[in-house]
Amino acid sequence: MRRLILLLSVFTGVAAADENAIVLKHGQGKELVSSQCAMCHSLDYITMNATVLDRAGWEKTVSKMITMMNAPINEADKKIIVDYLVKNYSK
């Protein structure tokens, strides 16, 4: 049992280290995106979707996070987040 716990803790540490490796591009809104998005998921979702989402896609995605996932993002912050994602991670 101790070996299993040790093994799981090693893999958990490796997974956490990988998530910390994601560094978002600098720009207005970066800190807001980092803090709001990383509350629920890793930031690699942003980079993974960069090649497929345009402004409409990012607006739909952020709206879904607010309405369906209950992300605590107000309208002013939503605009900043979408603008940042479109400028830095849009097709």
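Filtering region 35-78 to residues that are hydroxyl-bearing (Ser, Thr, Tyr), outside any loop (DSSP other than H, G, I, E, B) and without any contact (Cβ under 8 Å) to a residue 40 or more places away in the chain leaves SER35, TYR45, THR61, SER63, THR67. Of all residues in region 39-74, exactly one satisfies the criterion of being within 16 Å of ILE22 (Cβ to Cβ) and of a type in the set (Asp, Glu), namely ASP44. Filtered by the rule that a residue be in contact with a Lys or Arg (Cβ under 9 Å, 6 or more places away or on another chain) and surrounded by fewer than 15 Cβ atoms within 10 Å (Cβ to Cβ), region 51-90 gives THR51, VAL52, ASP54, SER63, LYS87. Select from region 43-91 the residues that are basic (Lys, Arg) and modelled with pLDDT of 95 or more and list them in ascending order. If the condition is that a residue be basic (Lys, Arg) and modelled with pLDDT of 95 or more, then ARG55, LYS60, LYS64, LYS78, LYS79, LYS87 are the ones that fit.
The values are calculated or read from the model by the stated rules, or taken from the named source; none is laboratory data. In this text the structure is predicted, and so the values were computed from the model without any measurement. Ideal geometry is used to build each Cβ from the backbone, glycine not excepted, and the neighbour counts take in all protein chains shown.
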